Amino acid sequence: MAVLFEKTKLLTDKQFHYCPGCHHGIIHRLVAEVLDEMNLQGKCIGVAPVGCSVFAYDYFNCDMYEAAHGRAPAVATGIKRAVGNDTMVFTYQGDGDLASIGTAEIVHAAHRGEKIVTIFVNNAIYGMTGGQMAPTTLIGQKASTCPTGRTEEWSGMPIKMSEMLAQIPSSYYIERVAVNNTANIAKAKKAIAKAFRYQMEGKGFCMIEVLSTCPTNWGLSPVEAIDWLENNMIPYYPLGVYRDKEAE
Amino acid sequence: MALTLMKGSEAIAEAAIRAGARFFFGYPITPQTEIPEYMAARMPEIGGCFLQAESEVAAINMVYGAAGTGARVVTSSSSPGVSLKQEGISYCAGAQVPCLIINVMRGGPGLGNIQASQGDYFQAVKGGGNGDYHLLTYAPASVQEAIDIMMFAFDKAEQYRIPVLFLADGIIAQMMEPVELPEMVDYKVDPEKKPWACTGWKAGDDPKKRGVINSIYIDTESLTVHNNELQACYKEVVENEQMWEEFNCEGAEYIITAFGTVARIAKSAITQLKEKGINVGLVRPITVWPFPYDAVKKVVDQPSVKAVLDVELNEGQMLQDVKLAVNGTKEVDFFGHCGSLMPSTDEIVNKILSMKEGK
Ligand SMILES: Cc1ncc(C[n+]2csc(CCOP(=O)(O)OP(=O)(O)O)c2C)c(N)n1
Ligand code: SF4
Ligand SMILES: [Mg+2]
């Protein structure tokens with residue numbers, strides 16, 4: 001019998017704990033497939049964040065670290081400096097992790113041009129702790145710590161990390177993608193593959209921001225969550241390449 | 001081997017390198033900036049890595065990253081910077097990542113001052129970061145002792161898979177002393193000895209397990225098992241690693257307890273007191289965790305001993321451990337300074353004299 005589909009060997013057999021309709025699972029698979037297709041098992045080390053993907057070390061079938069909240073880019077820096085250019089190092093981080101508590105670490109990893117890949121999962125909320133406001137929470141969006149909706153006056157405008165990090169001179173490749181439909185999933189995978197290729201070539205800091213759903217804390221069904229992402233997140237966080245030094 | 005005159009901070013840095021450290025991550029802060037400066041010049045000469053981090057928070061996390069690959073990694077800072085490292089130190093302890101942290105203590109709390117202090121004793125041995133953990137903590141009293149301890153500190157860290165802390169006061173880092181530096185250790189990561197290290201694992205690599213450097217154990221059972229494992233390790237450290245110095249203790253009338261530079265001043269005071277016909281001894285913990293409780297108790301339990309004087313460059317922190325050791329069997333008095341003013345020999349002599357007069 002012909003095998004039509006096989007789970008990538010870069011994922012363990014451990015069952016994901018993610019909620020129905022959560023995009024973390026899709027994003028995990030894309031990263032794992034890219035590592036597998038690039039033959040990187042044995043040559044990659046990942047860093048999990050604090051957030052819903054805290055257990056990513058149980059899912060990615062390679063050497064893994066679990067970092068303190070927001071510190072994954074610093075941990076990845078230490079790893080990369082120690083293992084050298086032949087081993088690929090990546091961080092996988094949420095928006096609370098990367099865009100709030102870990103801003104210093106991500107900015108300076110980019111600023112030093114660390115040869116790492118960061119997968120930044122932006123779901124506009126603190127998923128793991130039950131739906132508090134994140135720096136990325138949209139204006140008018142309700143969260144448990146902005147129960148009547150975020151206002152610009154009180155909390156400022158949502159932070160745009162890809163745009164911001166693209167301004168850093170040593171950033172090499174920054175792209176924002178989404179996994180809301182098959183076409184975008186294919187694009188997201190291509191972007192992730194490109195980031196790892198750049199790292200293999202010894203280029204600088206790469207970050208792929210992936211817009212992601214959190215049906216549970218958005219209070220929506222999985223299908224409604226995709227609609228909400230398309231109607232609210234993508235317009236404020238436009239998809240596209242924000243920096244690509246090779247193309248410049 | 002020849003003696004060289006070296007500044008403490010540079011001697012400590014060179015000793016770390018000779019002991020196999022090939023990675024240094026840090027952030028400038030007085031009075032230890034000479035350590036990162038030395039490392040910045042020296043690491044490239046030996047194929048090592050010096051990286052200036054954006055903060056002490058980042059530096060300790062870089063340590064976590066690099067040390068998790070099995071490398072020998074060191075970071076150094078002074079009190080306010082070491083406060084920032086506490087989160088990462090707790091993660092290193094939880095994830096059993098061996099590494100070396102140097103704290104050249106300065107005055108506190110807050111920004112305090114930049115003079116020598118022993119004000120971080122509590123932070124070093126009573127916690128610092130969150131959770132039930134300990135650091136194997138050495139408090140050297142001279143530059144040579146710091147070097148000698150450095151030469152086995154990584155071995156201890158790796159043997160027990162715990163972070164090692166050097167608790168030095170600013171004086172040790174700033175003074176120059178003639179020292180003897182051991183030969184360079186040719187350290188290479190041995191995957192057999194560090195099966196936990198993340199060096200790039202693939203499915204065919206069995207029986208070596210996939211490396212997971214991690215401190216989260218989400219259910220009560222697994223966290224209990226993990227913490228019991230840590231506690232068993234700490235117990236072994238307590239049993240095997242206590243170090244202390246006894247000076248003039250036999251038949252002494254009074255016992256002084258002190259650590260680090262202060263203990264050297266206490267020794268001068270003891271010599272002066274001897275000339276006055278008063279016999280005073282010194283117990284100096286070299287490991288402040290594990291604290292040498294039994295050694296202190298044994299000395300203090302001598303029938304000749306009337307009372308104990310604990311002297312520190314703070315308001316009485318090690319004092320609590322001394323009291324635990326003495327356990328109420330003898331009076332324990334305290335003399336110390338906050339604000340980084342070093343206790344003088346005369347002050348210690350006078351304090352003992354006043355104790356003797358029952359004042
Ligand atoms: C130092 C610290 N502060 C706070 C927390 C609590 N905490 C855990 S996850 C989290 C938010 C994570 O949100 P995000 O990064 O957006 O990830 P998501 O769960 O949405 O994927 C917070 C605040 C923590 N673990 N550590
Ligand atoms: S809480 Fe949100 S982010 Fe977390 S697993 Fe559920 S849907 Fe995903
Ligand atoms: Mg989030």
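The values are calculated or read from the model by the stated rules, or taken from the named source; none is laboratory data. For clarity, every value in this text was computed on a predicted model and none was experimentally measured. Counting neighbours? That spans all protein chains shown, and the Cβs are built from the backbone with ideal geometry, glycine included. For the accessible areas, the whole protein counts, side chains as well, though only heavy atoms, and no ligand, DNA or RNA atoms are used. Shrake-Rupley method; radii C 1.70, N 1.55, O 1.52, S 1.80 Å.
Can you tell me which residue is nearest to the other protein chains (Cβ to nearest Cβ) among those in segment A:1-21 that are within 16 Å of ligand 2 (Cβ to nearest atom) and farther than 26 Å from residue A:71 by Cβ?
Initially, segment A:1-21 is screened for residues within 16 Å of ligand 2 (Cβ to nearest atom), giving A:14-21.
Still in the list and also farther than 26 Å from residue A:71 by Cβ: A:15, A:20-21.
On the way: A:15: 15, A:20: 21, A:21: 23 Å.
Once the filter is applied, the top-ranked residue is A:15.
Listed here are the residues, each with its yes/no results for (1) touching a Ser or Thr at 6+ places or on another chain (Cβ under 9 Å); (2) more than 10 Å from every other protein chain (Cβ to nearest Cβ); (3) not aromatic (Phe, Trp, Tyr).
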residue	(1), (2), (3)
A:23	yes, yes, yes
A:39	no, no, yes
A:49	yes, yes, yes
A:55	no, no, no
A:62	no, no, yes
A:66	yes, no, yes
A:70	yes, no, yes
A:73	yes, no, yes
A:89	yes, no, yes
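Would you mind stating whether residue B:235 is open to solvent by 60 Å² or more (accessible area, probe 1.4 Å), at pLDDT 95 or above, of a type in the set (Lys, Arg) and more than 25 Å from the chain's Cα centre (by Cα)? Spell out how you get there, then give the answer.
On the way: open to solvent by 60 Å² or more (accessible area, probe 1.4 Å): yes; at pLDDT 95 or above: yes; of a type in the set (Lys, Arg): yes; more than 25 Å from the chain's Cα centre (by Cα): no.
Answer is no for this residue.
Being within 9 Å of ligand 2 (Cβ to nearest atom) and open to solvent by less than 40 Å² (accessible area, probe 1.4 Å) is the filter here; which residues of segment A:102-129 pass it?
If the condition is that a residue be within 9 Å of ligand 2 (Cβ to nearest atom) and open to solvent by less than 40 Å² (accessible area, probe 1.4 Å), then A:121, A:123, A:125, A:127 are the ones that fit.
Let's see how each residue does on (1) closer than 22 Å to residue B:136 by Cα; (2) of a type in the set (A, V, I, L, M); (3) in the same structural domain as residue B:132 (by TED's automatic domain parsing); (4) outside any strand (DSSP E or B):
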{"site": "B:153", "(1), (2), (3), (4)": "yes, yes, yes, yes"}
{"site": "B:162", "(1), (2), (3), (4)": "yes, yes, yes, yes"}
{"site": "B:172", "(1), (2), (3), (4)": "yes, yes, yes, yes"}
{"site": "B:199", "(1), (2), (3), (4)": "no, no, no, yes"}
{"site": "B:227", "(1), (2), (3), (4)": "yes, no, no, yes"}
{"site": "B:232", "(1), (2), (3), (4)": "yes, yes, no, yes"}
{"site": "B:236", "(1), (2), (3), (4)": "yes, no, no, yes"}
{"site": "B:239", "(1), (2), (3), (4)": "yes, no, no, yes"}
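Taking residue B:126 as meeting all but one of (1) more than 14 Å from every other protein chain (Cβ to nearest Cβ); (2) farther than 26 Å from residue B:224 by Cβ; (3) open to solvent by 10 Å² or more (accessible area, probe 1.4 Å), write down the number of the exception.
The single condition residue B:126 does not satisfy is (2).
Answer yes or no: is there a residue in segment B:22-29 that is out of contact with any helix residue (DSSP H, G or I) (no Cβ under 7 Å at 6 or more places or on another chain) and closer than 22 Å to residue B:156 by Cα.
The answer is yes; a qualifying residue exists.
Only residues that are open to solvent by 60 Å² or more (accessible area, probe 1.4 Å), touching a Ser or Thr at 6+ places or on another chain (Cβ under 9 Å), of a type outside the set (Asp, Glu) and away from chain A (no Cβ under 14 Å): list them for segment B:172-212, please.
Correct list: B:174, B:178.
If I go through segment B:322-348 residue by residue, how many of them are touching a residue at least 60 places away in the same chain (Cβ under 8 Å), surrounded by fewer than 20 Cβ atoms within 10 Å (Cβ to Cβ) and of a type in the set (Val, Ile, Thr)?
1
Which of the helices (runs of 4 or more DSSP H) contained wholly in segment A:23-99 include at least 2 residues that are within 14 Å of ligand 2 (Cβ to nearest atom)? Walk me through it before giving the result.
Details: elements: A:24-37, A:56-59, A:72-83.
Those helices (runs of 4 or more DSSP H) span A:24-37, A:56-59.
Does segment A:169-184 include one or more residues that are open to solvent by less than 10 Å² (accessible area, probe 1.4 Å), among the aliphatic types (A, V, I, L, M) and in a helix (DSSP H, G or I)?
Looking through segment A:169-184, none of the residues is open to solvent by less than 10 Å² (accessible area, probe 1.4 Å), among the aliphatic types (A, V, I, L, M) and in a helix (DSSP H, G or I).
Note down all Cβ pairs under 7 Å where the first residue falls in segment B:24-36 and is under 20 Å from residue A:80 (Cα atoms) and within 14 Å of chain A (Cβ to nearest Cβ), the second is part of a loop (DSSP other than H, G, I, E, B) and not basic (Lys, Arg), and they're at least six residues apart or on different chains.
Sorted first by the residue in segment B:24-36, then by its partner, the pairs are B:25/B:53; B:26/B:53; B:27/B:53; B:27/B:55.
Please enumerate the residues belonging to segment A:29-51 that are open to solvent by less than 20 Å² (accessible area, probe 1.4 Å), within 14 Å of ligand 1 (Cβ to nearest atom) and either touching a Leu at 6+ places or on another chain (Cβ under 7 Å) or in contact (Cβ under 8 Å) with a residue 60 or more places away in the chain (or both).
A:51
Counting only residues that are surrounded by fewer than 20 Cβ atoms within 10 Å (Cβ to Cβ) and in a helix (DSSP H, G or I), which one in segment A:190-215 is farthest from ligand 2 (Cβ to nearest atom)?
A:200
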